[in-house]
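Asker: Pasting a structure here, questions to come.
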Amino acid sequence: MIKHRLCSCILGFTLICLGVATPLMASEKKNYPEALKKIPPLMATQNGEVRIIHLTDVLDFYNKTCPGTVLSFIAIRYGVDTLFGEDTPDLDDLVVMSRVGGGPLDTLDFILKGGNPANRTWPPAGIDRSMENYVLQFYRKSTLQGLTVSLRKDVWSTADSYCSSAAPTGETAQQRRTDLRRFIFQTLPAVHPSEAFEASAVYTFIPWGSMTEPEMRRNIRHQRRQHTETQEG
């Protein structure tokens, strides 16, 4: 029943989270649904200090109660907790790769980079909010172990089928958005993440090569510039 409801509700996901998140400049706190406040925090260490990261911390920072942020926070916590098991997660020991933009990208920025607007990650072409791209790969450097968390196929295939047809308008579109928000903000937080996501078994990997943060940012800027020039040409 939960999976069926999620399939129906997720259809309007890409219609809701199209805006660019902006940092919350004041210290005011929004009145979030109780279900969101009760989502367990991600507890981890970083730079030798303990961090307790609540979903509401991410929402406060970006000043945007986006379904994509809620969905991605649950997925990230699911992946990190599964990978580290009984050990306290160490964000300095973690590498995450994403194929999806929007909420997941902003949420990862906040968790791994502190959410500094100056360090915001801008996605290259090919990174978008399509359901098929909703894949996150988690790698623990010290143990050479990893796992993949992805949106359940029965969820994104239904969404893609919907999006390929004429987009609903008027009352139908509004009802779709209302149903989606109700599910993600009220129902999903109360069930196990496996109702929405699939997590692979933890596997061992061998890495070759490396990429620093400045190198990644430089490559993204170059790729975005090339894409813009191609579009304009």
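Asker: Read phi for every residue in segment 100-106 and hand back ³J(HN,Hα) as whole Hz from Karplus 6.51 cos²θ - 1.76 cosθ + 1.60, θ = phi - 60°, with x for Gly and Pro.
Answerer: 10, x, x, x, x, 5, 5
Asker: Hey, another quick one. On the full set of protein chains, 1.4 Å probe, figure out the accessible area of HIS54 and give it in Å² to the nearest 10.
Answerer: Surface accessible to solvent at HIS54 totals approximately 70 Å².
The values are calculated or read from the model by the stated rules, or taken from the named source; none is laboratory data. None of the values given here were measured: they were computed from a predicted structure. Protein only, heavy atoms only, side chains kept; ligands, DNA and RNA dropped before computing areas. Shrake-Rupley method; radii C 1.70, N 1.55, O 1.52, S 1.80 Å.
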